[in-house]
Amino acid sequence: MTAPLLEVRNLTAHFARDAAARRVVDGISFHIDPGEAVGFVGESGSGKSVTARAIMRLAPEGSPVRWGGTVRFRGEELLTLDAAAMGDIRGRHIAMVFQDPMSSLNPVMSVGAQIDDILMRHTGLSRRAARRRTIELLDLVGIREPAQRADDHPHQFSGGMRQRVLIAIAVSCQPALLIADEPTTALDVTVQAQILRLLMRLRRELGMALMLITHDFGVIAGMVERVYVMNGGAIVETGPTDALFAAPQHEYTRALLAAVPRIEPGG
Ligand SMILES: Nc1ncnc2c1ncn2[C@@H]1O[C@H](COP(=O)(O)OP(=O)(O)OP(=O)(O)O)[C@@H](O)[C@H]1O
Ligand SMILES: [Mg+2]
């Protein structure tokens with residue numbers, strides 16, 4: 001048996017400003033093995049993003065979150081790790097792709113310069129070496145003429161291409177765990193499929209574990225090995241993806257599955 005890459009026990013989260021201190025994540029436990037692809041599915045507000053961000057120890061600006069429980073990454077406790085050590089893990093060993101690619105990019109900097117900076121900070125490459133690596137990364141995520149495109153600004157890319165840039169940034173330091181929080185929600189259906197295929201290919205090629213968050217069961221079918229179903233800040237059901245699709249145990253899971261549009265053969 002391999003030790004889990006990530007092991008979360010009894011995680012709780014509430015917003016400190018919330019007078020009632022309602023727990024938006026209410027004591028959840030889960031694990032992700034090295035190289036494993038795991039899905040988190042639940043409707044809007046079920047606590048998926050707060051859970052993902054707890055792993056990165058990211059609180060929304062102006063809304064400090066209080067966390068409880070344990071988040072162990074390679075056996076090391078992250079919730080109490082000092083800020084400098086946590087900063088070293090974030091982006092380097094655990095990386096995240098968010099739903100809205102525009103808000104995660106600096107609009108006044110070329111995408112190449114943004115990737116260069118991350119590489120220089122985390123890996124100590126020189127600017128020249130970083131740029132060579134940036135071009136390789138843009139090529140890796142399927143951006144044509146990467147050397148020229150590196151000088152373009154975010155607004156010069158389509159939504160799907162911006163998401164590819166964010167994925168390039170996320171995998172730039174070869175993280176052991178990639179968290180993708182609704183990475184395709186803002187994109188149209190054909191582009192969604194391309195981005196999901198890209199994530200699966202990179203996961204295979206780079207040997208990363210993937211935590212794929214979505215409200216749509218259709219997105220994870222054929223993508224992940226195991227699923228956690230979240231509702232109201234709790235995990236209500238978990239199991240191998242095939243088993244869960246074939247025989248959902250929980251009423252809420254059945255309702256989510258019923259909402260997935262069926263693709264009829266030949267349709
Ligand atoms: N900055 C905040 N301040 C107060 N409450 C918040 C904040 N962000 C999220 N919440 C609350 O935390 C709960 C969980 O939110 P979360 O964003 O994790 O849901 P989600 O499952 O990611 O939903 P979605 O599918 O819409 O992204 C929700 O009830 C939400 O209202
Ligand atoms: Mg969310």
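The numbers here are math on the coordinates, done by the rules we state, and not lab data. Predicted model only: the values in this text are computed from it and were never measured. Positions of Cβ are backbone-derived with ideal geometry, glycine not excepted, and every protein chain shown enters the neighbour counts.
Database remark: amide H of Val25 closer than 5 angstrom to the amide H of Ala13 (H placed geometrically; neighbours at sequence offset of 5 or more, or on other chains; Pro and chain starts carry no H).
Computed from backbone phi with θ = phi - 60° and the Karplus coefficients 6.51, -1.76 and 1.60, the 3J(HN,Hα) list for the range 10-17 is 6, 5, 10, 8, 9, 7, 4, 6 Hz; x is used for glycine and proline. So what's the gap between the Cα centers of the range 20-71 and the range 82-134, to the nearest angstrom? Answer, in whole Å: 23.
Only Cα pairs under 8 Å and 6+ residues apart enter the sum, and on that basis the relative contact order of the range 102-172 stands at 42 percent.
For the range 102-172, the Kirkwood hydrodynamic radius from C-alpha pairs, put into Stokes-Einstein at 37 °C and a viscosity of 0.692 mPa s, yields a diffusion coefficient of 282 µm² per second.
Within the shell defined by Cβ-Cβ distances under 13 Å, the residues around Leu199 carry a net charge of +2, with Lys and Arg each +1 and Asp and Glu each -1. Of the residues Gly62, Gly124, Gly142, which exhibits the maximal mean-square fluctuation in a Gaussian network model of the chain defined by a 10 Å Cα contact cut-off? Per the Cα network of the chain with a 10 Å cutoff, Gly62 tops the list.
So for the chain, considering every pair of alpha-carbon atoms, how many percent are separated by more than 35 Å? So the pairs more than 35 Å apart make up 16 percent of the total in the chain. Counted residue by residue at 0.36 nm each, then reduced by the alpha carbon distance between them, the extension gain from Asp152 to Arg132 reaches 5.6 nm. Evaluating 6.51 cos²θ - 1.76 cosθ + 1.60 at θ = phi - 60° for every residue in the range 248-253, the Karplus couplings come out as x, 8, 9, 4, 5, 4 Hz, glycine and proline recorded as x.
Approximating the spin labels as points 7 Å out from Cα along Cα→Cβ, the Glu61-to-Ala83 distance works out to 1.6 nm.
Between amide H atoms placed 1.01 Å from N, distances below 5 Å from Leu5 occur with Ile32, Asp33, all of them 5 or more places distant or on a separate chain.
Of all the options Glu182, Glu225, Glu36, the one that moves most in a Gaussian network model of the chain with Cα springs shorter than 10 angstrom is Glu225. Expressed as a fraction of 2.2 N^0.38 Å, the value expected for a compact globular protein of N residues, the C-alpha radius of gyration of the range 155-206 is 1.10. In sequence order, the range 185-193 has phi-based couplings of 4, 7, 10, 7, 4, 5, 5, 3, 5 Hz under the Karplus curve 6.51 cos²θ - 1.76 cosθ + 1.60, θ = phi - 60°, and Gly or Pro positions carry x. Where Lys and Arg each count +1 and Asp and Glu each count -1, what net charge lies around Ser29 among other residues with Cβ under 12 Å from its Cβ? Charge balance near Ser29 sits at 0. Taking all Cα pairs closer than 8 Å and separated by 6 or more residues, the relative contact order of the chain comes to 26 percent.
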